[in-house]
Amino acid sequence: MRSSSRVAVVGGAMAGLAAADGFHDAGFDVDLYERQSYADKRVNCGEAMTNSSAIPLESTTENGFLNPLQAMEVEVYDGTNAGRCCTGRGEFTAPDTYITDRHIVERTWADQLGRNGVEIHENQSITRSEFLELTTDYDIVVDASGQPSLSSKALGTTEEYSGQFVALNADVEGDFSDLHPNCRIVLENYTGYAWAFSKTARRANVGIGWTFDERPDDYMAAFRAACDRNGWPEPSQDRTNVATIPEGPSLAPERTYLPDRSVVRVGDAAGLANRVTGKGISQAVQSSYLAAELATHDRLHEYPDRLYRTMKPEYLLATVVRYFIETRQPQILGAAIRAASGMDIEAIDRSPRDVLARLGRHPVLFARIFGRPGVLKRVYAAATDQWGYERESSSPE
């Protein structure tokens with residue numbers, strides 16, 4: 001692959017911007033296609049950005065980085081009814097995390113890329129047939145279009161994805177002074193969670209998400225009820241967005257690179273996200289830079305394996321935690337949150353060994369977690385790369 005090769009990046013959110021940046025820095029000619037205008041784009045999903053130093057922008061308010069997060073508070077409850085009980089609380093440090101106005105971050109990054117020589121094509125909604133044309137016109141097409149990806153739609157393989165969260169997000173104004181500058185995630189004994197990410201003492205990103213088969217009949221009513229029981233100002237419907245995000249891993253690793261089409265998938269399009277929280281921005285950025293690095297050395301064929309090995313420890317730990325969510329065991333989950341309290345929120349994803357070491361200080365809890373056949377089965381399957389890309393059973397053994 002010559003450094004003068006042409007690269008098309010389809011999708012101009014965080015994964016696409018990182019891909020454009022990485023490939024352009026490596027000397028490729030890059031065209032970025034974004035279906036919306038950055039001036040009009042409204043994004044309030046994924047506004048808590050961990051590992052923010054990987055984004056090549058100054059972390060200033062003008063660039064959209066509002067709140068350098070002090071701590072992420074996590075609470076676990078045994079239900080959503082009025083008499084619910086809290087089974088555990090924890091506070092996790094976040095030294096490289098910002099709560100952002102994501103649309104400003106994306107607009108600023110796109111402006112910077114445009115000034116540096118990337119061709120930015122806004123208001124360019126690529127059809128399936130046009131996507132296939134791109135694969136013949138360009139040497140590499142980076143699919144950063146989300147899940148299910150545009151490449152899977154164009155090739156008629158949308159069924160290759162498994163596992164989706166549906167999430168509602170809103171930028172809410174009100175009194176968040178009791179929370180700011182921290183943020184809070186609330187697990188409430190369903191496969192999903194609610195959150196409040198404070199931007200200022202008077203504004204926050206508030207949301208709720210459910211795994212696809214646990215969606216409520218009335219999204220907005222369920223969203224407002226979650227805000228009410230957690231003491232947060234309620235969102236207005238006209239400022240609420242609905243997003244679909246992966247339950248990672250939700251795409252077989254070998255499908256992340258399609259050499260016959262010269263297509264590489266990054267971020268949500270590659271099925272990347274934390275299986276517990278749905279967190280995917282840092283994973284998206286990381287996957288994009290990895291693809292650019294490998295393409296520079298004509299080693300893009302290594303991308304699926306390298307990407308999977310990078311994400312595997314996070315996936316393994318998340319599938320264990322997910323077991324106790326799916327099987328409705330908030331007491332154990334709450335005890336685990338208390339035991340892990342004080343750790344770096346990003347290190348929990350990246351260094352599961354540190355989590356295991358922390359849990360090892362509580363031998364009774366450790367035995368309650370890892371003495372279960374269902375957990376051991378998941379650990380073995382993950383450790384031996386026996387990932388089924390179908391939803392695992394949610395019934396206790």
Restricting attention to segment 248-264, does a residue exist that is open to solvent by 20 Å² or more (accessible area, probe 1.4 Å), in a strand (DSSP E or B) and not polar (S, T, N, Q)? yes
Scan segment 34-63 for residues that are part of a loop (DSSP other than H, G, I, E, B), of a type in the set (G, A, S) and farther than 16 Å from A110 by Cα and report the count. 1
Here the residues within segment 314-344 that are among the basic types (K, R) and at negative phi are R322, R338
How do the pairs read when you match residues in segment 194-216 that are closer than 17 Å to V76 by Cβ with residues anywhere that are part of a loop (DSSP other than H, G, I, E, B) and of a type in the set (G, A, S), using Cβ under 6 Å and keeping only pairs 6 or more apart or on different chains? G209/G278
Mind listing whichever residues of segment 113-131 are aliphatic (A, V, I, L, M) and farther than 14 Å from V10 by Cβ? L113
I'm told G46 meets every condition in (1) at pLDDT below 95; (2) surrounded by fewer than 24 Cβ atoms within 10 Å (Cβ to Cβ) except one. Can you identify the failing condition by its number? (2)
Enumeration of residues in segment 78-98 that are open to solvent by 30 Å² or more (accessible area, probe 1.4 Å) and outside any loop (DSSP other than H, G, I, E, B): C86, R89, E91, T93, Y98
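The values are calculated or read from the model by the stated rules, or taken from the named source; none is laboratory data. Bear in mind that the values here come from a model prediction, so they are computed numbers and not experimental data. Cβ sites come from the backbone with ideal geometry, for glycine too, and all protein chains shown count toward neighbours. Surface accessibility is based on the protein's heavy atoms, side chains included, excluding ligands, DNA and RNA. Shrake-Rupley method; radii C 1.70, N 1.55, O 1.52, S 1.80 Å.
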